[in-house]
Structures are given as C-alpha cells and as structure tokens.
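Working notes for the structure below.
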Amino acid sequence: MDKIIIAIDGYSSSGKSSMAKALASKIGYRYIDSGAMYRAVTLWAMRNGLVANGDVDREALIADLPKINVDFRVMPDGKQHTLLNGEDVEELIRRMDVSSNVSQVSVIPEVRHKLVDLQQELGNGKGIVMDGRDIGTTVFPHAEMKVFVTASVETRAQRRLQELAAKGIPANYEEVFANVAQRDHIDETREESPLRKAADAVTLDNSTMSVEAQNQWLLDLYHSKINA
Ligand code: DC
C-alpha cells in the first residue's frame, strides 16, 4: 500500500502533537513536530541576544539563519528529540520563555521559508505525519489527509499547564492562558502562511474528547482515506 502524507494543523496546545505522534507510531510513519523547529530557532535567537520579551532583531536573525541547523533524532528511550546545531534541546524548547517569544520569530518570512524547505525535504519519501499551523495549506498542500484540530482556549491552557507540570516546568494558569491566547492571535493574523484550516481539511474539536477517543477518531479517518 502506498504511503501518504498526513498534515495535522491546529491551535496551540490543542493536543495535535499527541494525536499525531500516536497515529505515526500506530501506522509506522515518521512523526515531525514542525513547532519544535520554530521553537529551536527561537531558542537560538534568545541565546544570541536577538529576541527578548517578544522584540526580535529581525535583520540580525535573518543574517544568522545559515548558522542555525535544526534536526531530529530518535533517542534510546524511543522518543524523538529536537537538535539545535547537534545539541539536544528537546526540554529547553518547551519552556515558557521560548513559548513567549516563538510566535514573534515565526512571523518572519525568511525563518518560515527556511523551515518550510526543511519540512518539505523531510516529507519527500511520504509516510509522514507532520503537525503545525500551515502544514495542510503551505508545506504540503497536496497532503492526502488533512486535519484541523481545535478546542476552547480554557481547555488548551489547562492541558498546557498539566503538560508543563508533568515536566516539572514552573508556570501558573493565568500566564499560560495569556500565552495561548496571544499565540492564537499572532498565529492567525500573521501575513505569511497564517494558521488557517485548509479547504479540504477535516475539523476536529476535541474540547470534550478523551485522548483515546481522539486517537481512535484519527485512526478511523486514516483507514477511510487509504481505503477510499
Ligand atoms: O506547536 P507549537 O505550540 O509547539 O508551536 C510553537 C509555535 O511555532 C507556534 O506558536 C507557532 C509556530 N509554528 C508555526 O508558525 N508554524 C508551524 N507549522 C508550527 C509552529
């Protein structure tokens, strides 16, 4: 059976990464977290004094883009980690300070072009599940299966808080809620490939769905696509 490309887009903390990961592992596809790539570039910019409190030195970051290499590697624990110039930054890129700056870095067209090129290369061989904001619209407009995931801001802020707590990363609900709402706004209103449902994507509002139910929903959709 031919392998396909599966694009899963949606709002911050909508649970799309967990769904995408679970599906990829179930069907033996490669999973790519495109948000991790934007987070890694943001971490690089922060470390080099090119972004602070949402203010980005665009010119300097654009000039430095060739120095930034983002990659993924499966670790001995079986989990895929994000590498920034060879360094494992998987945990660092999930921290609140990175979350607070990542949308501002993601609006820069040159950053997007670099990462979209890389994402398209990774999808070359098909057999891939990629999650993000513009995967079904810009990165893989011809993806055979497209899903757009959404949930209320309150639900997503709660989920993010739990995720951070599980990793021992300090945060409070108000801070997380404000960050989720602000990222929604920036992601939806940026000029270059804003967060938007592709015309041929299937919408999933998982506000009241269990993890098991959404994973099953996604698997059923996959089977319906490949058997079509
Ligand atoms: O999925 P995430 O929350 O880890 O993504 C982090 C940020 O990266 C998000 O606020 C917007 C940006 N992003 C993007 O602009 N395009 C993508 N394809 C994925 C993420």
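The values are calculated or read from the model by the stated rules, or taken from the named source; none is laboratory data. What you see is a predicted model, and the numbers here were worked out from it, not measured in a lab. Here the Cβ is made from the backbone with ideal geometry for all residues, glycine too, and neighbour counts use every protein chain on show.
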Number of the condition not met by Met145 [criteria: (1) surrounded by fewer than 21 Cβ atoms within 10 Å (Cβ to Cβ); (2) away from the ligand (no atom under 14 Å from the Cβ); (3) not charged (D, E, K, R)]: (1)
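For segment 196-228, what are the residues that are of a type in the set (A, V, I, L, M) and either part of a helix (DSSP H, G or I) or modelled with pLDDT under 90 (or both)? First the steps, then the outcome.
Going residue by residue through segment 196-228, those that are of a type in the set (A, V, I, L, M) are 198-199, 201-202, 204, 209, 211, 213, 218-219, 221, 226, 228.
Those that are of a type in the set (A, V, I, L, M) and either part of a helix (DSSP H, G or I) or modelled with pLDDT under 90 (or both): Val211, Ala213, Leu218, Leu219, Leu221, Ile226, Ala228.
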Before we move on, is Ala178 outside any helix (DSSP H, G or I) and among the small types (Gly, Ala, Ser)? no
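Sort out which residues of segment 163-185 are under 25 Å from Phe148 (Cβ atoms) and either basic (Lys, Arg) or modelled with pLDDT of 90 or more (or both), and write them in order of number.
In the first step, residues of segment 163-185 are kept if they are under 25 Å from Phe148 (Cβ atoms); the result is 163-164, 176-185.
Matches in segment 163-185: Val176, Phe177, Ala178, Asn179, Val180, Ala181, Gln182, Arg183, Asp184, His185.
Considering only residues that are in a helix (DSSP H, G or I) and either under 15 Å from the mean Cα position of the chain (by Cα) or within 16 Å of the ligand (Cβ to nearest atom) (or both), which ones fall in segment 24-39?
Filtering segment 24-39 for residues in a helix (DSSP H, G or I) gives 24-27, 34-39.
Within segment 24-39, Ala24, Ser34, Gly35, Ala36, Met37, Tyr38, Arg39 meet the criteria.
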Residue pairs qualifying under the 8 Å Cβ cut-off, at least six apart or on distinct chains, with the first in segment 182-209 being surrounded by fewer than 16 Cβ atoms within 10 Å (Cβ to Cβ) and the second being of a type in the set (Lys, Arg), are Glu188/Arg196; Glu192/Arg112; Pro194/Arg133; Asp200/Lys146; Thr203/Lys197
Residues of segment 172-200 classified as more than 15 Å from the chain's Cα centre (by Cα) and within 14 Å of the ligand (Cβ to nearest atom), total: 11
